[in-house]
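J.: Dropping the structure in here first, questions after.
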There are 2 protein chains.
Amino acid sequence: MDLFISKFFNKIDKKGRVSLPSSFRNVLPKSNRNEIILYKSIKSPSIEGCGVGRLKEIAKRINNLDFFSEDYDDFSTSIFSEIVTSNIDKEGRFLIPEDLKQYANIKTEAAFFGQGHFFQIWEPKTGLKNTLTSRKRLLEQKKSLRMILTQQK
Amino acid sequence: MDLFISKFFNKIDKKGRVSLPSSFRNVLPKSNRNEIILYKSIKSPSIEGCGVGRLKEIAKRINNLDFFSEDYDDFSTSIFSEIVTSNIDKEGRFLIPEDLKQYANIKTEAAFFGQGHFFQIWEPKTGLKNTLTSRKRLLEQKKSLRMILTQQK
DNA sequence: TATATACCCATTGACGCCCATATATTCCCA
DNA sequence: TGGGAATATATGGGCGTCAATGGGTATATA
């Protein structure tokens, strides 16, 4: 499986380490399994993460913008300076930078939610609450959801 | 990782030395890890820096501007004539020239912001303020930011 | 000679690597 | 097919290494 799916709840130890769920580790390319990138989610108080390969794609896209435009700086600043890399140790653990933990209000436990091509890290209670409201929103538009689910390609 | 990413806040000591963040040093080519170039940013009160190899890329981008426009001369002059080189010592530190420090209003601490193929050095508070306004501008065009971050190839 | 800069050494704290354990899962063989 | 062994995962902790920082001294340059 090459997608981040399912959810996991792991503890953060005294040193600040937390295990990246094993199934998530397996999504990372064999060529670079010991590094991930993390950044603040735009839409929610959570951290988003994925393999570094994605970053290179992003870099390429930004590089194609007009170098002397204001947009270039905005993208470049908001993305490159806000993204951090984190190394995964031999046991599959990594460190979440302090400011990101604060942003997501994460203290002693982290909830990992698969999102397909990336994943989110939440404070457990907040994350669970979010899945509920998220699902509720979907059910309120059940009709369109059914359309998507049953639609044939 | 071969990109300047994330942000770091380092102190400037009595001798004027400041550590180039370790991860930034690793971006510099192994062949020339003890020299960087610095110049005043055109768009903000900050210093931009990169490895000397990047000079060619800068030249190319300026060359792509309309040769007979006013911009051409202005950019060309403001950038090339202002570029300085700085040596990195054995401990990974370098000196920021006095006029550049003044331009960016840097006193005792420097904030390094990754920008992909180059980096910026800011007075910490000013730099943080800039990331906020920059992000705000982008959120006003949320769609385009999401495109860059989540778009699949 | 005075000032600036490079090299050397030292300190501190953070992080990576190694080893250990407990629990869960898979595998294998009788 | 049941049970035990091997394996994998999450978690805890010791310790060495490296990054950031401070300062002394030599060297160079004006």
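The values are calculated or read from the model by the stated rules, or taken from the named source; none is laboratory data. What you see is a predicted model; the values in this text were computed from it and never measured. With ideal geometry, Cβ positions are generated from the backbone for all residues, glycine too; neighbour counts draw on all protein chains shown. We work out accessible area using only protein heavy atoms, side chains counted, and drop any ligands, DNA or RNA first. Shrake-Rupley method; radii C 1.70, N 1.55, O 1.52, S 1.80 Å.
J.: When the helices in chain A are scored as -39500 (n - 2.57) per DSSP H run of 4 or longer and the sum is shared across all residues, what 222 nm value do you end up with, to the nearest 500 deg cm²/dmol?
T.: That comes out to -11500 deg cm²/dmol.
J.: Next question. Using alpha-carbon positions, what is the distance between the centroids of segment B:26-47 and segment B:1-25, in Å?
T.: So the separation of the two Cα centres works out to 11 Å.
J.: Let me ask something additional. For an R0 of 25 angstrom, estimate the FRET efficiency from the Cβ-Cβ distance between B:LEU139 and A:GLU57 and round to the nearest 0.05.
T.: 0.70
J.: Counting partner chain Cβ atoms within 10 Å of every residue's Cβ in A:50-59, what's the average?
T.: 3
J.: For the pair A:GLU109 and A:MET1, how long in nm is the line joining their label points, each one 7 Å along Cα→Cβ?
T.: Between A:GLU109 and A:MET1, the label points sit 2.2 nm apart.
J.: Which order do the peptides A:12-24, A:108-120 take when ranked by the mean count of other beta-carbon atoms within 10 Å per residue, highest first?
T.: So the peptides A:12-24, A:108-120, ranked by packing, come out A:108-120, A:12-24.
J.: To continue, here is another question. Whose amide H sits under 5 Å from the amide H of B:GLU109, counting only residues 5 or more places off or on another chain, with H placed in the peptide plane?
T.: Close amide H contacts, sequence-distant or interchain: B:ILE12.
J.: Accessible surface of B:TYR39 in the full protein assembly, 1.4 angstrom probe, to the nearest 10 Å²?
T.: Surface accessible to solvent at B:TYR39 totals approximately 10 Å².
J.: Another one. Hey, what do the phi angles of segment A:20-29 turn into as Karplus ³J(HN,Hα) couplings, whole Hz, using 6.51/-1.76/1.60 and θ = phi - 60°, x for Gly and Pro?
T.: 6, x, 3, 5, 6, 4, 5, 6, 5, x
J.: Which ³J(HN,Hα) values, rounded to whole Hz and listed in residue order, are derived for segment B:52-61 from phi using the Karplus coefficients 6.51, -1.76 and 1.60 in 6.51 cos²θ - 1.76 cosθ + 1.60 with θ = phi - 60°, glycine and proline given as x?
T.: 5, x, 5, 3, 4, 5, 4, 4, 5, 5
J.: Run the label-point distances for B:LEU139 please: 7 Å along Cα to Cβ, every other copy, nanometres, shortest first.
T.: Label point to label point, same position, other copies: 3.0 nm.
J.: To the nearest whole number, what is the average tally of beta carbon atoms from other chains within 10 Å of the beta carbons of peptide A:62-71?
T.: 3
J.: Distance cut-off 21 Å, Cα to Cα: go down the list A:LYS7/A:LYS125; B:LYS101/B:LYS129; A:LYS129/B:LYS129; B:LYS7/B:LYS107; A:LYS11/A:LYS125 and report the pairs above it. Could you put the intermediate results ahead of the total?
T.: Values: A:LYS7/A:LYS125 13 Å; B:LYS101/B:LYS129 18 Å; A:LYS129/B:LYS129 32 Å; B:LYS7/B:LYS107 18 Å; A:LYS11/A:LYS125 14 Å.
Going by Cα-Cα distance, A:LYS129/B:LYS129 fall outside the 21 Å limit.
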